[in-house]
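The values are calculated or read from the model by the stated rules, or taken from the named source; none is laboratory data. All figures in this text were calculated on a predicted structure; none of them were measured in a lab. Counting neighbours? That spans all protein chains shown, and the Cβs are built from the backbone with ideal geometry, glycine included. Quick note on the areas: whole protein, heavy atoms, side chains included, nothing else; ligands and nucleic acids left out. Shrake-Rupley method; radii C 1.70, N 1.55, O 1.52, S 1.80 Å.
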Amino acid sequence: MKTENMRDSELVKNCLQGDMEAYRQIMDKYTGKAMALAINILRNREDAEDVCQEAFISAYHNLDKFDLQGNFKNWFYTMIYNRCIDKIRKNKRFFQFFARVKSSQPLIQVNPEPTNPTSVCSLDKRYLQTLSPKERLALFLWAQDSFAGEEIAAILKCSPATARVHLYKARKKIKAVIGGENVEV
Amino acid sequence: MWKCKVANFLFKAVSIKIFQDYVVMSHIQTCSNCQSRLANREEAQSLLIPQAELQNGKDFWPNVRHAIGEKQSPLKPALVYRWRWAFIATLTIGSILVGIWFSFTPTLQKSPEPTQKFHVNYIEIENKPVQVFYFKTQEENMFFVWAEKSEEGG
Ligand SMILES: [Zn+2]
């Protein structure tokens, strides 16, 4: 783990000296992880791709703020998560606006119902609807990356106690969905 | 079993994260009955889209490289960047001081009253009177005064 951090820091150092190939290596390494995180939070491939692309660009411009002694993966995950939250807010605002337009006189003729063809259909909708973005993040990091409360907290910018509670709620909701119970945590 | 019920009741009843975490850490984490009501890693993973499925998806590199420029280094001019707040503060204070200065100076710049006008009788240079010429400019209150030494022996 430590050597992986050192390797990342080495790549970042090279990037800071203008080595674009080093940044390409970072991107190759983190594209899958970033997409997995974003898509599991956003539930939409197109949005996840937008978020990842923006995050890679932003990360490059902010590489000089990265602590070379720190963990690049966690730093980058934080960036992805923050962008996911922005995306969710923007989408929410758009759909609120859309609903208003639709409920008033038809200024725009939209027919049929808006559907998102790029939505991730392979995921269980019941599970997705029950988890908040924070819970999704906590669950993802715990299940895919074996993160503990402290590491989840660092990305969520909350206390480890709060992060553990998010994870607990997520696991309980998931179990309830799998077992076909009513979700109430 | 009653402990589990109490723990779950307290968790729901007191929605303070620190307290909820205390309940999780003190009972739920170590209780096999409570653990059986939580999804384990395998169950969670079965519902998440795995990284392996996305590894060979979209290649972001062409767009990212285009956006960040081919040879641009992410390093900002270190000195300016590190001291940006000092620069901003200095500029702000400077602007305020200049503002204050200009708010007082207009009284000095006002055109003098006719009685206070500068009047030249004669000018001496090296203890000798010199010829004085007035030039009126296009501006009403502006004159040039030109002093010229008389030529020696002239
Ligand atoms: Zn229990």
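Amide hydrogen proximity for B:Ile123: with H placed 1.01 Å from N in the peptide plane, the residues at 5 or more positions away or on another chain lying under 5 Å are B:Val130. Cross-link pairs exceeding 27 Å between alpha carbons, from the set A:Lys87/A:Lys173; A:Lys13/A:Lys87; A:Lys169/B:Lys58; A:Lys175/B:Lys5; A:Lys169/B:Lys5: A:Lys13/A:Lys87; A:Lys169/B:Lys58.
Shown is the FRET efficiency for A:Leu68 and B:Ser36, computed with R0 = 41 Å from the Cβ-Cβ distance and rounded to the nearest 0.05: 0.40. For the pair B:Phe104 and B:Lys3, label points projected 7 Å from Cα toward Cβ lie 7.8 nm apart. Take the Kirkwood radius over Cα pairs of the range B:1-51, plug it into Stokes-Einstein at 37 °C and 0.692 mPa s, and you get 271 µm²/s for translational diffusion.
Residues of B:9-18, mean number of Cβ from any other protein chain within 10 Å of their own Cβ, rounded to a whole number? Counting Cβ atoms of other protein chains within 10 Å of each residue's Cβ and averaging gives 2.
The simple Förster model, with R0 at 41 Å and r as the Cβ-Cβ distance, assigns B:Gln138 and B:Arg84 a FRET efficiency of 0.35.
Counting Cβ atoms of other protein chains within 10 Å of each residue's Cβ and taking the mean over peptide A:157-169 gives 4. Measuring only protein heavy atoms, the 1.4 Å probe finds A:Thr3 accessible over about 90 Å². From the P(r) of the range A:26-79, can you give the percent of Cα pairs sitting at distances over 12 Å? For the range A:26-79, the fraction of Cα-Cα distances above 12 Å is 64 percent. Here B:Met1 sits with roughly 140 square angstrom of accessible surface, probe radius 1.4 Å. Summary of the geometry: the range A:1-51 and the range B:22-45, compared by the centres of their Cα atoms, lie 32 Å apart.
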